[in-house]
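Inspection log for the structure reproduced underneath, given as structure tokens.
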Amino acid sequence: MKRIAIIGSGGAGKSTMARKLGQALNRDVSHLDALFWKPNWVGVPRQEQIIVQNELVKREEWIIDGNYGGTLDIRLNAADTIIYLDYPRLLCMYRALKRSIQYRNKTRPDMGPGCKEKIDLPFLKWIWEYPKTRRPEIINKLQQLSGEKQVVILKSPGEAKRFLKSVVKARG
């Protein structure tokens, strides 16, 4: 586990998993949300996202969390380990709503500067539709990659905790 991509629905806990895994492995973490949102929620153009990610994955060791479907293959192809947080949509919706309250009028640690926490209908709709619109394609990609990469699919926060404990234990 030297090059780790963490993916999943909004609200699944990708950034939290990345942070905890980074602590367990003593590795730098790159949160794509922090890199690809400029102040006041101005998105970085796709071409710039591609350039940034191509640079990130050149490093010998990394943990990158985020979806960004248009550039997902860059991370998946470069990773040796892919962690997919495949959580139920209601849990993801709850977590996104909880996060919006927790960080209301603040920028959360894994977000770009000047992007105060917000929640809107398109984001909630994206989370709700994720199991039907995004998940099948991701599962297909992961099945294709499972022969050459370590693919870890976690279905619940409990599984995620056990996975993190096993990583800590393996590091001794």
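The values are calculated or read from the model by the stated rules, or taken from the named source; none is laboratory data. Values in this document were obtained by computation on a predicted structure and should not be read as measured data. Glycine gets a Cβ as well: all are built from the backbone with ideal geometry, and neighbour counts include every protein chain shown. When the accessible area is computed, the model is the full protein with side chains, heavy atoms only, and any ligands, DNA or RNA have been set aside. Shrake-Rupley method; radii C 1.70, N 1.55, O 1.52, S 1.80 Å.
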Across region 148-172, the tally of residues that are open to solvent by 80 Å² or more (accessible area, probe 1.4 Å) and more than 18 Å from the chain's Cα centre (by Cα) stands at 8
Taking region 32-50 as the region of interest, how many residues are closer than 14 Å to Thr71 by Cα and surrounded by 13 or more Cβ atoms within 10 Å (Cβ to Cβ)? 7
Any idea which residue in region 6-31 is farthest from Ser100 (Cα to Cα), counting only those that are open to solvent by 20 Å² or more (accessible area, probe 1.4 Å), touching a residue at least 40 places away in the same chain (Cβ under 8 Å) and in contact with a Leu (Cβ under 9 Å, 6 or more places away or on another chain)? Ala24
From Leu85, Leu91, residue being aliphatic (A, V, I, L, M) and over 15 Å from the mean Cα position of the chain (by Cα): Leu91
Any hit, region 129-138, residues being crowded, with 16+ Cβ neighbours inside 10 Å and either assigned to a loop (DSSP other than H, G, I, E, B) or of a type in the set (D, E, K, R) (or both): yes
Subset of region 88-117 [open to solvent by less than 20 Å² (accessible area, probe 1.4 Å) and within 25 Å of Glu137 (Cβ to Cβ)]: Cys92, Ala96, Asp110
